[in-house]
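Comments concern the structure below.
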Amino acid sequence: MKPPTLPIGIARGSARLMRRMVFNHGLSWEDQRRRLNRVAASSKPPAGLELSTDAVAGVPVEVLTPSSRTPEGTLVHFHGGGFTVGSPALGRGWVGALALRLGLEVILPDYRLAPENAFPAAFDDAYDVVADVLTRFPPASVAVSGDSAGANLALGAVQQRVARGESVPGSVVLVSPWLDLTVDRRADRSLVRRDPLLSPEWLATAAVAYAPGQLEDPRVSPLLGVLEGLPPVFIQGGTDDILAPDAARLATGIGEAATLSVALGMWHDFSLQVGMLAAADRALEAVVGHLAATMALSGD
């Protein structure tokens, strides 16, 4: 991997541009999706990985597979986008780097989006994909991850399996998780000013589009659910992430099974800019270490 070359000031400015041009509550969901998809279209898997499409439990997925080695484990990753926008392409760079480092097959579900498909559509898709993967592979060799709203779906699916007494993955990774949709993000004005990517207004609009009248349901807001019995959970965020309070609350609620990593001066979803931001590369190394220590990889 080449050394990151993107100055932090330019990266922050790019995040502000994304907030204005994509994550803007004044735009229709169709416009936001079209603009975000144009950005994501340039995201290619790293060399050394094969990209294919498939369906898992009836849900369309992208699959990244190492070209020159047999996968040693499986990662299921749910993309972010406020449950309303986004696609698997958003996570290709981040999960691709993990796939290469650890020899993982990666499954990226293209779950249904709101408001056309409101709750529980995305939740059901996430649970069904995780359930299918855990029946086909040894659970200890499986990790489940997600960023932003995708982290919500990842945690919610695992919580559901714990509640039902079913097998769980060996590890969970949550990047900039959005876990309590009942919170008014305008309350912390300093944090609102510091995050260049997301606004409280956009988050509130997305929340209502996803689960109108159901924001207190623990399947919608996993922080309001049971946090006992989870596998090891790695939580990553930044001090300037508008959703940083959710990451901190989750780590406190889980206790010893949780590891919280917070990057100084970093904003929402900065971790996905692997190969561009030095802070993102350091964050990736932390995730690699967590997965190597908690997953039962066949090459270990």
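The values are calculated or read from the model by the stated rules, or taken from the named source; none is laboratory data. Computed from a prediction, not measured in an experiment: that's the story for all the values here. Backbone-built Cβ (ideal geometry, glycine too); neighbour counts: all protein chains shown.
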- Could we say that residue 85 is touching a Lys or Arg at 6+ places or on another chain (Cβ under 6 Å), buried (at least 17 other Cβ atoms within 10 Å of the Cβ) and either under 16 Å from residue 144 (Cβ atoms) or touching a residue at least 60 places away in the same chain (Cβ under 8 Å) (or both) here? yes
- What is the one condition in (1) of a type outside the set (Asp, Glu); (2) in contact (Cβ under 8 Å) with a residue 12 or more places away in the chain; (3) under 26 Å from residue 68 (Cα atoms) that residue 12 does not satisfy? (3)
- Scanning the stretch 28-59 for residues that are without any contact (Cβ under 8 Å) to a residue 40 or more places away in the chain, of a type in the set (A, V, I, L, M, F, W, C) and assigned to a strand (DSSP E or B) gives 55
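Taking the condition more than 22 Å from residue 88 (Cβ to Cβ), assigned to a helix (DSSP H, G or I) and modelled with pLDDT of 95 or more, does residue 259 pass? Before you say what the answer is, go through the steps one by one.
Values: more than 22 Å from residue 88 (Cβ to Cβ): yes; assigned to a helix (DSSP H, G or I): no; modelled with pLDDT of 95 or more: yes.
No, not satisfied.
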- Message: For the list (1) buried (at least 21 other Cβ atoms within 10 Å of the Cβ); (2) touching a Ser or Thr at 6+ places or on another chain (Cβ under 9 Å); (3) more than 26 Å from residue 105 (Cα to Cα), I need the number of the one condition that residue 250 fails.
- Response: (2)
- Task: Scan the helices (runs of 4 or more DSSP H) fully inside the stretch 138-231 and keep the ones with 3 or more residues being in contact (Cβ under 8 Å) with a residue 60 or more places away in the chain.
- Result: 149-163, 200-210
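I'd like to know if the stretch 123-130 contains one or more residues that are at positive phi and in contact (Cβ under 8 Å) with a residue 24 or more places away in the chain. Steps first, answer last, please.
Going residue by residue through the stretch 123-130, those that are at positive phi are none.
No, that holds for no residue.
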- Task: Mind listing just one residue for me: the one in the stretch 36-63 that is surrounded by fewer than 17 Cβ atoms within 10 Å (Cβ to Cβ) and charged (D, E, K, R) and, of those, farthest from residue 196 (Cα to Cα)?
- Result: 54
- Message: Going through 16, 20, 112 one at a time, which residue ends up being in a loop (DSSP other than H, G, I, E, B), at pLDDT 95 or above and either buried (at least 16 other Cβ atoms within 10 Å of the Cβ) or not aromatic (Phe, Trp, Tyr) (or both)?
- Response: 112
- From 74, 70, 65, grab the single residue that is within 25 Å of residue 295 (Cα to Cα), within 18 Å of the chain's Cα centre (by Cα) and polar (S, T, N, Q). 74
- Inspect the stretch 94-105 for any residue being touching a residue at least 60 places away in the same chain (Cβ under 8 Å), farther than 25 Å from residue 46 by Cβ and within 16 Å of the chain's Cα centre (by Cα) and give the result as yes or no. no
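A quick yes/no check of all residues on (1) over 30 Å from residue 134 (Cβ atoms); (2) in contact with an Asp or Glu (Cβ under 9 Å, 6 or more places away or on another chain):
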site: 26; (1), (2): yes, yes
site: 38; (1), (2): yes, no
site: 56; (1), (2): no, yes
site: 68; (1), (2): no, no
- Does the stretch 75-105 hold any residues that are out of contact with any Pro (no Cβ under 9 Å at 6 or more places or on another chain) and polar (S, T, N, Q), and which are they? 87
- Residue in the stretch 205-241 that is surrounded by the fewest Cβ atoms within 10 Å (Cβ to Cβ), counting only those that are farther than 20 Å from residue 164 by Cβ and within 15 Å of the chain's Cα centre (by Cα): 234
- Limited to the stretch 60-91, what total is found for residues that are part of a strand (DSSP E or B) and either of a type outside the set (Val, Ile, Thr) or more than 26 Å from residue 298 (Cβ to Cβ) (or both)? 8
- Query: If residue 285 satisfies every condition in (1) surrounded by 15 or more Cβ atoms within 10 Å (Cβ to Cβ); (2) in a helix (DSSP H, G or I) but one, which is the exception?
  - Reply: (1)
